[in-house]
Amino acid sequence: MRVFSKAQIIARFNPELAVSQLEEGFIAYSEGKVQVPPVQGFAFKGANGDCCVKSAYIEGSPTFTVKLSTGFYDNPSKGLPSNDGLMLVLSAHTGQPLALLQDQGWLTAMRTALAGRIAARLLAPAQVKAIGILGTGMQAQMQLEQLRAVTDCRQVIVWGRHERGLAAYTAFARELGFAVHSTQDAAEVAGAANLIVCTTPSRQALLHSDWVQPGTHITAVGADAPGKQELDPALVARADRIIVDAIAQCSQYGEVAHALGSGQIDAHQLIELGTLLAGRAKGREHDSQITLADLTGVAVQDAQVASYALAALCT
């Protein structure tokens, strides 16, 4: 078994090549060609942390992947990153481990950012006047990096709880060429931006329905485990199109689960991202629609990003 470090993985990773492989994975998932066992989840309330174990096999693939991902959100105060993890790639012919990708959670963060990029490409309004980001961490940074490929907009308004995080994010975004406004009022983000990405591990709604303008697209990636929530369920219900990465998973947790549980939407309103990518469903039809992509993170993304990364490392 070969072992690769985070630095090695990043050095060989090309998002422009990886994104198409992720799209293929979403389509295969929605066509029923992927085995995705139930997610194993752990919550460490005393440490403000969580851990999930995800695994997937795409029909016909020579490999399958098991991924462990952790989020311990008080770690920055200890001089440690919030996220960590690794991916194990195994042979689908012999069951032997082929490679351990010690990515420290980077591949998970990247495949999440690439999913946000895909959603924005398909659903964002034609004219993005400003990008809104909720959160100031690594995922908030990576989402903005990837959005550069799908919109010419270089105006961003970022929300965060702490001045220090906002200052760091502002410096980061300016280095990317963005004009930046920072705020501790999420309503200000909704009032200024019509492409909003929510990236926090919040357990209560941050973005409310009556704040959001017609024509806005929202990608929500933070509610990736039970109990997490970034959006008011009434905002989910207001959306003209509700796109999810996995109907089964988003019915259990994520923004959609809260709206389903409160009876504000029905399951028949949900469209999987893979179905949209395959052209078997309609996305945004005009620029006055509100669209939502609820991305809880499905294991086929891990299988595809690990497969791509391993191939890149071995060539």
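The values are calculated or read from the model by the stated rules, or taken from the named source; none is laboratory data. Owing to the predicted nature of the structure, the values given are computational and were not obtained by experimental measurement. For neighbour counting, all protein chains shown are included, and Cβ atoms are generated from backbone atoms with ideal geometry for every residue, glycine included.
Listed here are the residues, each with its yes/no results for (1) buried (at least 23 other Cβ atoms within 10 Å of the Cβ); (2) outside the structural domain of A190 (by TED's automatic domain parsing); (3) under 21 Å from the mean Cα position of the chain (by Cα); (4) of a type outside the set (V, I, T).
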{"position": "Y57", "(1), (2), (3), (4)": "no, yes, yes, yes"}
{"position": "P62", "(1), (2), (3), (4)": "no, yes, no, yes"}
{"position": "K67", "(1), (2), (3), (4)": "yes, yes, yes, yes"}
{"position": "F72", "(1), (2), (3), (4)": "no, yes, yes, yes"}
{"position": "S77", "(1), (2), (3), (4)": "no, yes, no, yes"}
{"position": "S82", "(1), (2), (3), (4)": "no, yes, yes, yes"}
{"position": "L90", "(1), (2), (3), (4)": "no, yes, no, yes"}
{"position": "D103", "(1), (2), (3), (4)": "yes, yes, yes, yes"}
{"position": "G116", "(1), (2), (3), (4)": "yes, yes, yes, yes"}
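So if I check each of E285, E272, which one is free of Cβ contacts under 8 Å to residues at least 60 places away in the same chain and outside the structural domain of N14 (by TED's automatic domain parsing)? Can you show your working first?
Values: E272 fails: free of Cβ contacts under 8 Å to residues at least 60 places away in the same chain.
One residue alone meets the criteria, E285.
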Pairs returned, first residue in region 164-179 that is surrounded by fewer than 17 Cβ atoms within 10 Å (Cβ to Cβ), second residue that is outside any helix (DSSP H, G or I) and among the β-branched types (V, I, T), beta-carbon separation under 8 angstrom, 6 or more apart or interchain, are A168/T136; R174/V180; A179/V156
Is it true that some residue in region 28-49 is in contact with a Lys or Arg (Cβ under 7 Å, 6 or more places away or on another chain) and either small (G, A, S) or part of a loop (DSSP other than H, G, I, E, B) (or both)? yes
Inside region 1-25, can you point out the residues that are surrounded by fewer than 15 Cβ atoms within 10 Å (Cβ to Cβ) and of a type in the set (S, T, N, Q)? S5, N14, S20
Conditions (1) of a type outside the set (V, I, T); (2) under 22 Å from Y29 (Cβ atoms); (3) buried (at least 21 other Cβ atoms within 10 Å of the Cβ); number of the one not met by S251: (3)
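Tell me, which residue of region 145-156 that is in contact (Cβ under 8 Å) with a residue 40 or more places away in the chain and in a helix (DSSP H, G or I) is farthest from D185 (Cα to Cα)?
Per the stated criteria, the residue is Q146.
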Looking across region 71-95 at residues that are farther than 18 Å from E59 by Cα and in a loop (DSSP other than H, G, I, E, B), the single one that is modelled with the lowest pLDDT is S82
Which members of region 23-51 meet the condition of being in contact with a helix residue (DSSP H, G or I) (Cβ under 8 Å, 6 or more places away or on another chain) and closer than 17 Å to V244 by Cβ? E23, G25, F26, I27, A28, Y29, S30, E31, V34, V36, V39
Of the candidates A234, A193, A293, A205, the one satisfying the condition of being over 24 Å from E24 (Cα atoms), outside the structural domain of D74 (by TED's automatic domain parsing) and surrounded by 21 or more Cβ atoms within 10 Å (Cβ to Cβ) is A193
Pairs where the first residue, in region 254-266, is over 15 Å from A223 (Cα atoms) and the second is buried (at least 24 other Cβ atoms within 10 Å of the Cβ) and among the small types (G, A, S), C-beta under 6 Å, 6+ apart: I265/A259
Do we find a residue being assigned to a helix (DSSP H, G or I), in contact with a Ser or Thr (Cβ under 8 Å, 6 or more places away or on another chain) and hydrophobic (A, V, I, L, M, F, W, C) anywhere in region 122-131? yes
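Sort out which residues of region 164-217 are among the β-branched types (V, I, T) and over 23 Å from L292 (Cα atoms), and write them in order of number. Spell out the reasoning first.
The initial filter retains those residues of region 164-217 that are among the β-branched types (V, I, T), namely 170, 180, 183, 189, 196-197, 199-200, 212, 216.
The answer is T170, V180.
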Among the residues listed as A7, A28, A47, the single one being without any contact (Cβ under 8 Å) to a residue 60 or more places away in the chain, over 18 Å from T108 (Cβ atoms) and either in the same structural domain as E272 (by TED's automatic domain parsing) or of a type in the set (A, V, I, L, M, F, W, C) (or both): A47
Has region 118-136 got at least one residue that is over 18 Å from A192 (Cα atoms) and free of Cβ contacts under 8 Å to residues at least 40 places away in the same chain? yes
